[in-house]
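Peer 1: Let me give you the structure first, and then I'll get to my questions.
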Amino acid sequence: MKTIGILNGPNLNRLGKREPSVYGADTLADLERRLTGEAAALGVKVECFQSNHEGALIDKLHAWADAGVAGVAMNPGGYTHTSIALRDAVSSIAPIPVIEVHISNVHAREEFRHHSRTAGACVGVIAGLGLDGYSLALRNLAARK
Ligand code: DHK
């Protein structure tokens, strides 16, 4: 059975409490439960990981690649806009597909959120669709050969 990684970066452990008007009322546990159920229906498995630390996110991408994950849905949080190292980590696990997910529409927010350093290494980007973005990424990754 295929495994899809769900990677969440800094401050996403605060989902449900953090600016609910931007990020919604569901918690990270709610999201991970939802994706686990959806994965079962798609005939795949998800492995979920969240960290507030850049290096831990990079280490997890490497570990998932070595373990043979079929793809990764990744919300790098604020590292989206700053991290060359995380982008390089995505490139380092090619050709494993990584889809970048943002809960909010980053393009409708502050200027500094308009540019992603990581997106160019990803196969696609979903932004502004709330937690549905993760479900759509999961469905796309599950359907890939
Ligand atoms: C999440 C964050 O933590 C922000 O730093 C990004 C992203 C947007 C999101 O919409 O999920 O700018």
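The values are calculated or read from the model by the stated rules, or taken from the named source; none is laboratory data. Everything quoted here is computed from the prediction, not taken from an experiment. Because the Cβ atoms are built from the backbone with ideal geometry, glycine has one as well, and the counts that use them run over all protein chains shown. Just so you know, the surface numbers come from the protein's heavy atoms only, side chains and all, with ligands and any DNA or RNA stripped out. Shrake-Rupley method; radii C 1.70, N 1.55, O 1.52, S 1.80 Å.
Peer 1: Whole number in Å², please: accessible area per residue of the chain, 1.4 Å probe, ligands, DNA and RNA not counted. Mind dumping the intermediate values first?
Peer 2: Numbers: 6990 Å² over 145 residues.
I get 48 Å² per residue for this part.
Peer 1: Per residue Cα convex hull volume for the chain, in cubic angstrom? Intermediate results must be reported in sequence, preceding the final value.
Peer 2: Details: hull volume 13.2 nm³, N = 145.
That works out to 91 Å³ per residue.
Peer 1: Mark the label point 7 Å from the Cα of SER92 along Cα→Cβ and return the residues of the range 2-28 whose backbone N is within less than 20 Å of it.
Peer 2: The answer is 5-10.
Peer 1: Let me ask another. Roughly speaking, to the nearest percent, how much of the chain's 1.4 Å accessible area is carbon and sulfur?
Peer 2: Values: 3590 of 6990 Å².
With neighbouring chains kept in place, the figure for the chain is 51 percent.
Peer 1: With all protein chains present and a 1.4 Å probe, how do HIS114, HIS81 order by accessible area, largest first?
Peer 2: Numbers: HIS114 70, HIS81 35 Å².
In descending accessible area the options line up as HIS114, HIS81.
Peer 1: Would you work out the charge dipole size for the chain about its Cα centre, treating the Cβ of every Lys and Arg as +1 and the Cβ of every Asp and Glu as -1, and quote it to the nearest 20 debye? Present the calculation step by step, with values, prior to reporting the outcome.
Peer 2: On the way: 15 positive and 14 negative charges, 50 e Å.
Here the size comes out at about 240 debye.
Peer 1: Want the number for ALA63 to ARG14: 0.36 nm per residue separation, take away the alpha-carbon distance, what's left?
Peer 2: Details: separation 49, 0.36 × 49 = 17.64 nm, distance 2.47 nm.
Taking ALA63 through ARG14 to full extension adds about 15.2 nm, to one decimal.
Peer 1: Out of residues 5 or more away from ASN105 or on other chains, whose amide H comes under 5 Å of its own, with H placed 1.01 Å from N in the peptide plane?
Peer 2: Amide H neighbours of ASN105, under 5 Å, 5+ apart: GLY128.
Peer 1: Could you check the simple spin-label distance between ALA85 and THR27, using points 7 Å along Cα→Cβ, in nm with one decimal?
Peer 2: Placing both labels 7 Å beyond Cα along the Cβ direction yields 3.0 nm.
Peer 1: ³J(HN,Hα) across the range 140-145 via Karplus (A = 6.51, B = -1.76, C = 1.60, θ = phi - 60°), whole Hz, x for Gly/Pro?
Peer 2: With coefficients 6.51, -1.76 and 1.60, one gets 5, 5, 5, 7, 6, 5 Hz.
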